[in-house]
Amino acid sequence: MKIVSTNISEIKTVEYQGELITTGIFKKPTTETVYIDSENIHGDAQADLVNHGGIDKAVYAFCDSYYEYWKTQLKNPDLTFGDFGENFTVTHLHEDQIYIGEHYQLGSAILEVSQPRVPCFKLGMALNNKKLPKLFIQNFATGVYFRVVERGNVTTGDEIKLVKPVDHKVSVRTLFKAFFDKHFENREAIYQQAVDVPELANEWREKLVKRLAGIDAQFG
């Protein structure tokens, strides 16, 4: 895997459906080296710290090849890297081959896979399509959230290398699909396996525990 675009944003306030929304989703590419701190990237603002940012959502990566799919799906040939709110646009980032708890080195930083991305209405707002969050979930290609193990500098063009594998097989896509696809086989077994992974983000663990207890749990 390799970083092909580094994307950051300032906080902006925009009008959406009659309300003023403060957001950091409008990310734009930068050629500058960025510093990954413990909970975010310097120069990248996060407005809603309840649903975005923080330890378990410090860095978000998305696959570059997904853009061609969405350009066709949304009939929007002008989509550019950063439009899905990702910090890093990455080659060969396949969620079915990336597992919760793995460590990856990029530049001088080391990141740990913490959870899939669940889109909120702001993704639809950013791309002017209120159906997009639902379409994004149905596609199961979520991108990956990371927490920071070691802070460091990262530059577009850096390779992303696996430096600490895991023994289990709870991939980012398997976890996401088990949660959102009602026809997914052995959903409860995946829930239990994921709950036992110590590196799983607490937000996801709490939702899975509720599901295992027979309580309907939803994101957003």
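Bear in mind that the values in this text are calculations on the coordinates, not laboratory data. All of these numbers come straight from a predicted model, not from anything done at the bench. No Cβ is skipped: glycine too gets one built from the backbone with ideal geometry, and neighbour counts run over all protein chains shown.
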Worksheet item: Which value in nm describes the separation of the simple spin-label points at ASP37 and LYS131, placed 7 Å from the Cα toward the beta carbon?
Response: 4.1 nm
Worksheet item: Hey, rough spin-label estimate for LYS182 and LYS28, points 7 angstrom out along Cα→Cβ, what's it come to in nanometres?
Response: 4.3 nm
Worksheet entry | Ranked VAL144, VAL14, criterion: other C-beta atoms within 10 Å, fewest first | VAL14, VAL144
Worksheet item: Just from its helices, what would the mean residue ellipticity at 222 nm be for the chain, if runs of 4 or more DSSP H residues each count -39500 (n - 2.57) and the sum is divided by every residue, rounded to the nearest 500 deg cm²/dmol?
Response: -6500 deg cm²/dmol
Item to complete: Mind checking the full-extension length gain between ASP196 and ASP167? Use 0.36 nm per residue of separation minus the Cα-Cα distance, one decimal, nm.
Response: 9.2 nm
Practice prompt. Mind ranking 81-87, 127-133 by how tightly packed they are, going by the mean number of other C-beta atoms within 10 angstrom, highest first?
Written response: 81-87, 127-133
Fill in: Cα-Cα over 20 Å, subset of LYS2/LYS169; LYS12/LYS75; LYS27/LYS177; LYS71/LYS130; LYS2/LYS134
LYS2/LYS169; LYS12/LYS75; LYS27/LYS177; LYS2/LYS134
Discussion item. Multiplying the sequence separation of ASN76 and LEU20 by 0.36 nm and subtracting their Cα-Cα distance, what value in nm do you get?
Written reply: 17.6 nm
Item to complete: Quick one: order TRP70, TRP204 by neighbouring beta-carbon count within 10 Å, fewest to most.
Response: TRP70, TRP204
